[in-house]
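Participant: This structure is in structure tokens; I'll ask about it shortly.
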Amino acid sequence: MDWLEFDTAGCSIQRTLDVIGEKWTVLILRETFNGVRRFDQIRDHVGVSDPMLSDRLRKLVTAGVLEAKPYREPGRRVRKEYRLTDKGLDLYPVMISLLRWGDEHRAGADGPPLEVTHRDCGRPIRAVVECAAGHTVSSPREAVTSPTRAATMRTAPVRG
């Protein structure tokens, strides 16, 4: 397969980045994965502006990654908290992969500031790429990318 012959407009990575590819979006997801669900708590912990947070939350809800659930504290108006949907929970391996990459390549001199461990055994959680038969794939050299029926050819050649 010659990768450059295929149109990438429908690429699943591109479509995923259309939903979660903005910095604030990933940080909002980090918060929700760590149990922070309320607008003001997310805003204050991440340091994002109200308009930016509103926009990103709206996009995540529209994409079905988060759902807005009403809540009311005594004597206050009804507000919303944001919870991960099943679609959102499916992003957990992505978030762990980002965390582990940062731990390996961007940690400070004292090492990573957080550790995510398995509740049952206490060992660190890692993201693993494997085939459907359970074989671990540690490099793109061990994989083959092939077009499916959904792939389309480019109409113009790539320059360069």
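Participant: Counting only C-alpha contacts under 8 Å and six or more residues apart, can you give the relative contact order of the range 3-142 as a whole percent?
Facilitator: 15
Participant: State the Cα centre-to-centre distance between the range 37-93 and the range 97-160 in whole Å.
Facilitator: Centre-to-centre (Cα) distance: 27 Å.
Participant: Between residue 144 and residue 23, take the C-beta separation as r, use R0 = 35 Å, and let me know the FRET efficiency to the nearest 0.05.
Facilitator: 0.60
Participant: Another question, if that's okay. Have a look at 28, 3, 45 and report the one farthest towards the positive end of the charge dipole of the range 1-79, computed about the Cα centre with Cβ charges (Lys/Arg +1, Asp/Glu -1).
Facilitator: Farthest towards the positive end: 45.
Participant: I've got another one for you. In nm, what is the difference between 0.36 nm times the number of residues separating residue 79 and residue 132 and their Cα-Cα distance?
Facilitator: That pair, residue 79 and residue 132, stretches by 14.8 nm at full extension.
Participant: Can you tell me how much longer the chain between residue 38 and residue 151 gets when fully stretched, taken as 0.36 nm per residue apart minus their C-alpha distance, in nm with one decimal?
Facilitator: Difference between extended and current length: 36.6 nm.
Participant: Which entry in [x] 1, 7, 12, 15, 16, 15, 13, 10, 7, 3, 1, 1, 0; [y] 2, 9, 20, 24, 23, 15, 6, 1, 0; [z] 1, 8, 16, 18, 15, 10, 6, 4, 4, 4, 4, 4, 3, 2, 1, 0 is this structure's computed P(r) over Cα pairs in 5 Å bins from 0, in percent?
Facilitator: Entry [x].
Participant: Could you go through the range 70-83 in sequence order and give the Karplus-derived ³J(HN,Hα) for each residue, using 6.51 cos²θ - 1.76 cosθ + 1.60 with θ = phi - 60°, rounded to whole Hz, and x for Gly and Pro?
Facilitator: Per-residue couplings from phi come out as x, 8, 9, 7, x, x, 10, 6, 5, 10, 10, 10, 10, 10 Hz.
Participant: What is the sum of charges around residue 79, taking Lys and Arg as +1, Asp and Glu as -1, for the other residues whose C-beta is under 12 Å from the C-beta of residue 79?
Facilitator: +4
Bear in mind that the values in this text are calculations on the coordinates, not laboratory data. Since we're looking at a predicted model, the values are computed, not measured. Positions of Cβ are generated from backbone atoms using ideal geometry, with glycine treated the same way; all protein chains shown enter the neighbour counts.
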